[in-house]
1. Among the residues of the range 160-209, count how many are open to solvent by less than 40 Å² (accessible area, probe 1.4 Å) and not in a helix (DSSP H, G or I).
2. Find the helices (runs of 4 or more DSSP H) located wholly in the range 374-455 whose residues include 3 or more that are open to solvent by 10 Å² or more (accessible area, probe 1.4 Å) and among the charged types (D, E, K, R), and list them.
3. Which of the residues that make up the range 117-132 are open to solvent by 40 Å² or more (accessible area, probe 1.4 Å) and either free of Cβ contacts under 8 Å to residues at least 24 places away in the same chain or among the β-branched types (Val, Ile, Thr) (or both)?
4. Hey, does the range 129-140 have a residue that's out of contact with any Lys or Arg (no Cβ under 6 Å at 6 or more places or on another chain), of a type in the set (A, V, I, L, M, F, W, C) and farther than 25 Å from residue 10 by Cα?
5. Mind checking which residues of the range 303-334 are open to solvent by 10 Å² or more (accessible area, probe 1.4 Å), assigned to a helix (DSSP H, G or I), touching a residue at least 24 places away in the same chain (Cβ under 8 Å) and not β-branched (Val, Ile, Thr)?
6. Of all residues being in a helix (DSSP H, G or I) and in contact (Cβ under 8 Å) with a residue 40 or more places away in the chain in the range 338-355, which is farthest from residue 287 (Cα to Cα)? Just the residue, please.
7. All but one of (1) in a helix (DSSP H, G or I); (2) closer than 28 Å to residue 232 by Cβ; (3) open to solvent by 10 Å² or more (accessible area, probe 1.4 Å) hold for residue 89, so report the exception by its number.
8. Hey, any hits in the range 144-151 for a residue that's part of a helix (DSSP H, G or I), open to solvent by 30 Å² or more (accessible area, probe 1.4 Å) and not aromatic (Phe, Trp, Tyr)?
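The values are calculated or read from the model by the stated rules, or taken from the named source; none is laboratory data. Quick caveat: nothing in here was measured; it's all calculated off a predicted structure. Note that each Cβ is placed from the backbone with ideal geometry, even for glycine, and that neighbours are counted across all protein chains shown. Only protein heavy atoms, including side chains, enter the accessible area calculation; ligands, DNA and RNA are left aside. Shrake-Rupley method; radii C 1.70, N 1.55, O 1.52, S 1.80 Å.
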Amino acid sequence: MKINHTDFSKGSVSSAVMKVAVPMIIAELVNLLYNMVDRIYIGHIPGEGSIALTGLGICFPIISLISAFARLYGFNGGAPLASMALGEKKEEEARSVLFSSFMLSVLTGLILTFIVIIFIRPILYAFGASDQTYPYSRDYLMIYALGSVPVLVTLTLNAFINSQGFAMVGMVTVLIGAVINIILDPILIFTFHMGVRGAAIATVFSQTCSAVFALSFLRSRNAVLGITFKGMRLEVGRCLKIIALGTSGFVMGATNSVVQIVCNKCALLWGGDLYVGVMTILNSVREIFSTPINGITSGASPVMSFNYGAKDPVRVKKASNFALLSTLVFSSFVWLIVVLFPRQLALLFTTEPTLLDAAQPALRIYFFGFIFMSFQTAGQQTFVALGKAKPAIFFSLFRKVIIVVPLTIFLPYLFGINGVLIAEPISNVIGGLAAYLTMRHIVFGELNKMEKGLK
C-alpha cells in the first residue's frame, strides 16, 4: 500500500484540511456502520425486532462513555499535543506522548471491562432498561464490554495516525474492522440465530482486527511518529497534561452519554418503551449526519495544531474558518433532508407501524436548529487544537449539562413527550453560538496579536 503523507505547513489550507478530512469522514461513516448495521439487522429480527432495537438503544450511552476515553487520550488529548510537539521539532516528546496515550487506553479499557461485567444489571436499569428490554441490553453489553481494550486502542491510535497526516491509513484501519463486522453480522444474527449476542461478537472481533492493524502501522518504519516501548515509562506530569487537554473531548462524549441516559429515562417515563425506541432512531440518524461535520473539524484539527506549534497564525485562522463554512453548508443540507424525508430515514431502522409513526414528527422536532451544531463543533475543535483546555471543557458542559439536561427533565411537564425532543434544538442554538463567539474573541484575538508580532 502506498503511504501518502500530508504536509500541514505548505500549500492550500483548505486542501490540507480536506486531504485529512475526506478519508476521516469515509472512515467514520464506515465505522458508524459497526453499530448502524447492528441496529438495522436487529430492528428487522422477525417478531422481536422493535423491542430488541430498544434494548440495544439502552446500551448506546454506555458505549458512548467507553468511547469517550479514546477522546481523552487520543483525538482531543494526546494527538494535538503530539502534533504541536512535531511542529516545534520536539520528536522525542511527541513519541513519549504517543506511548503514554496508548498505555492509558489499555489500562482504562481493562478497568472498564471489570466495572461493566460486575455491575451490569444496576447500570442498565439506571440507564433506562425495563424488565422487557433488560435481557437484550444485557446480552449485547456483556460481550461488548470484553472488547473495551481493542475499542479504545483502535480509536486512540487512529487519532495519532491521522494527526501525522496519514489519513488514508486511518481510513484503512477503520475499513478493516467495518468490513469484517458487516460480513459477520448477518451470519451470526440470522444464520446462527444469535440475535444481539451475535452482533456484539461481530463488533468486538472486528475492532480487535482494527487495533492490530493500527498498532502494526505505528510500529513500522512508515510512520513519522512511531510507537516504541524500549526505554519508555509513564510519567505522571505528561499523563496529567494529556488528560487536562483531552478532558474537553471526554466531557463531550461523557455528557452525550448523560444526555442519552436522561432522554431514555424521560422517554420511558412520558412515552414508555415506544419512545425509548424513538430515541434510538433519533440518535442513530444524528450520528449519521454528525459524522461528516465531525470529520471536517477533525481534519482541521491537526492542521491548526501543527501550524500553531510552528507559529503560523494565518494558516490556523484559515483552517478554523474553513471548518465552519463547510460544515454550515452541510448542516443546512441535512436539515432539508430531515424535513422532507423523515419516513425514509425512520424506515432504515424499523418497519413496525407504531414506532414508524412516532418517529417521523420526532425527527422534525429534534433536528430543528441542527445548523447551529456547526458553530459548536468549529468553536470547540479550535479550542482543543490549540490546547485551550479550560474553555473547551466549559462549553462541553455548558451545552449538554447546563442546557439540555434540565430542559429534558422540565419541558415534558409543559409539552409532554415532545418536551424531551425540544431540548436538543434549543441547546444547539444557545450552546453553538456561545462556544463559537467566545472562541473568536479568545483565539482569534491571540492569533491576531501573534500575526502582528511576526510582521
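1. Count: 3.
2. Counting at least 3 such residues, we get 445-454.
3. Passing the criteria: 117, 118, 119, 121, 122, 125, 131.
4. Within the range 129-140, the subset out of contact with any Lys or Arg (no Cβ under 6 Å at 6 or more places or on another chain) is 129-138, 140.
Going one step further and asking which of them are of a type in the set (A, V, I, L, M, F, W, C), we end up with 129.
If we keep only those that are farther than 25 Å from residue 10 by Cα as well, we get 129.
Yes, the range 129-140 contains at least one residue that is out of contact with any Lys or Arg (no Cβ under 6 Å at 6 or more places or on another chain), of a type in the set (A, V, I, L, M, F, W, C) and farther than 25 Å from residue 10 by Cα.
5. Taking the range 303-334 and keeping what is open to solvent by 10 Å² or more (accessible area, probe 1.4 Å), we get 306, 308, 310-312, 314-315, 317-318, 321-322, 324-326, 328-330, 332-333.
Still in the list and also assigned to a helix (DSSP H, G or I): 306, 308, 314-315, 317-318, 321-322, 324-326, 328-330, 332-333.
From the residues that got through so far, the ones that are touching a residue at least 24 places away in the same chain (Cβ under 8 Å) too are 306, 308, 314-315, 317-318, 322, 324, 326, 328, 330, 332.
Passing the criteria: 306, 308, 315, 317, 318, 322, 324, 326, 328, 330, 332.
6. Ranking the candidates gives 354 first.
7. Looking at each condition in turn, residue 89 falls short on (1).
8. Yes.
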